[in-house]
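Engineer: Handing you this structure, nothing more for now.
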Amino acid sequence: MIEWAHAHNLNSLLGPFNLDYEDGYGILIEGRDRPPAILCGHTPAYYQGLVERFGFKPARGDNLAYAIGMDRDSPALAKILRLAERVRLRKDFTIRKADFSRWQDEVGLVLELINPSLQHLQGFIRWTREALQKLKEPFIKIADPELILFAEVGNKTIGFLPAIPNMNEVFIH
């Protein structure tokens, strides 16, 4: 692979990628005990050895995903609920659901938040409005606006949570 790149006057190769830059890039190192999740790469176990054998090294930071059990007895869920209640009592901000009738405005708010929050990552590429809109548009059909949350202080948006259904849980069957 390295020889092929040099023969074609290339000094770097990047991948694996899906068709979208942010959609499940890289090699899955841990987590094969779980089914694939939406927007998270899920490569076979042999990929890691294969790419390392050819001399590839990570070009971007780790892509991490976390899971929290949603059953009522989950200690992690109980801890989050306690923290949420403490934060709620502060009452110096509001939480609102997404307003799909103002889709363009919502994309603009996300764009204002996402670039500054990710710019510290090695290899960061700034999001454009067009790219962000293209990534988010397919999810409008399956998203529940009550699960896409925006945190605001006064008239300023300070955070968002883009919770979307994991369609792989349906498709796996």
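Derivation of every value follows stated rules applied to the coordinates shown; laboratory data play no part. If you're wondering where the values come from, they're calculated on a predicted model, not measured in any experiment. Please note: Cβ atoms are built from the backbone with ideal geometry, for glycine as well, and neighbour counts cover all protein chains shown.
Engineer: Using a Förster radius of 41 Å, what is the FRET efficiency between I2 and S117 based on their Cβ-Cβ separation? Nearest 0.05, please.
Structural biologist: With a Förster radius of 41 Å, E is 0.70.
Engineer: Please state the shape class of segment 1-67: rounded when a/c is under 1.5, otherwise prolate if a/b exceeds b/c and oblate if not, all from the C-alpha gyration tensor.
Structural biologist: In terms of gyration-tensor shape, prolate.
Engineer: Also, I was wondering about something else. How much length, in nm to one decimal, is gained on full extension between A163 and L149, taken as 0.36 nm per residue of separation minus their Cα-Cα distance?
Structural biologist: Full extension of this stretch gives 4.2 nm more.
Engineer: Treating the angle as unsigned and between 0 and 90°, give the value, to the nearest 10°, between the Cα long axis of helix 75-90 and the longest Cα principal axis of the chain.
Structural biologist: Compared with the principal axis, the helix lies near 50 degrees.
Engineer: Run the numbers on segment 1-67 and let me know its relative contact order in percent, using alpha-carbon pairs under 8 Å that are six or more apart.
Structural biologist: Reported relative contact order: 26 percent.
Engineer: Calculated from DSSP H runs of 4 or more alone, at -39500 (n - 2.57) each and per residue, what is the 222 nm mean residue ellipticity of the chain, nearest 500?
Structural biologist: Computed mean residue ellipticity for the chain: -9500 deg cm²/dmol.
Engineer: Further question: What is the Cα centroid distance between segment 82-113 and segment 138-171, reported in whole angstrom?
Structural biologist: Taking the Cα centre of segment 138-171 as reference, the centre of segment 82-113 is 10 Å away.
Engineer: Right, here's the next one. Please tell me the relative contact order of segment 36-173 in percent, rounded to the nearest whole number, where contacts are Cα pairs under 8 Å and at least six residues apart.
Structural biologist: 27 percent
Engineer: May I ask you to derive the FRET efficiency for N63 and L89 from their Cβ-Cβ distance with R0 = 22 Å, giving the value to the nearest 0.05?
Structural biologist: That pair, N63 with L89, gives E of 0.05.
Engineer: Which of G123, L147, L135 sits closest to the plus end of the dipole of segment 91-171, meaning its Cα is farthest towards the positive end, when Lys and Arg get +1 and Asp and Glu get -1 on the C-beta?
Structural biologist: Going by the charge dipole, the pick is G123.
Engineer: Here is a follow-up. Once a ≥ b ≥ c are taken as the square roots of the eigenvalues of the Cα gyration tensor of segment 91-171, is the result rounded (a/c under 1.5), prolate (a/b larger than b/c) or oblate (a/b not larger than b/c)?
Structural biologist: Oblate is the answer for segment 91-171, as a/c is 1.5 or above yet b/c matches or exceeds a/b.
Engineer: Among (1) 29, 21, 15; (2) 53, 19, 13; (3) 34, 22, 16, which one is semi-axes √(5λ) of the Cα gyration tensor in Å computed from these coordinates?
Structural biologist: Recomputing semi-axes √(5λ) of the Cα gyration tensor in Å here gives the entry labelled (3).
Engineer: For the chain, with only Lys/Arg (+1) and Asp/Glu (-1) charged at the beta-carbon, what is the dipole magnitude about the Cα centre, in debye rounded to 20?
Structural biologist: Using only the charged Cβ atoms, the result is roughly 480 debye.
Engineer: Treating only the Cβ of Lys, Arg, Asp and Glu as charged (+1, +1, -1, -1), what charge dipole size does segment 91-171 show about its Cα centre? Round to the nearest 20 debye.
Structural biologist: 160 debye
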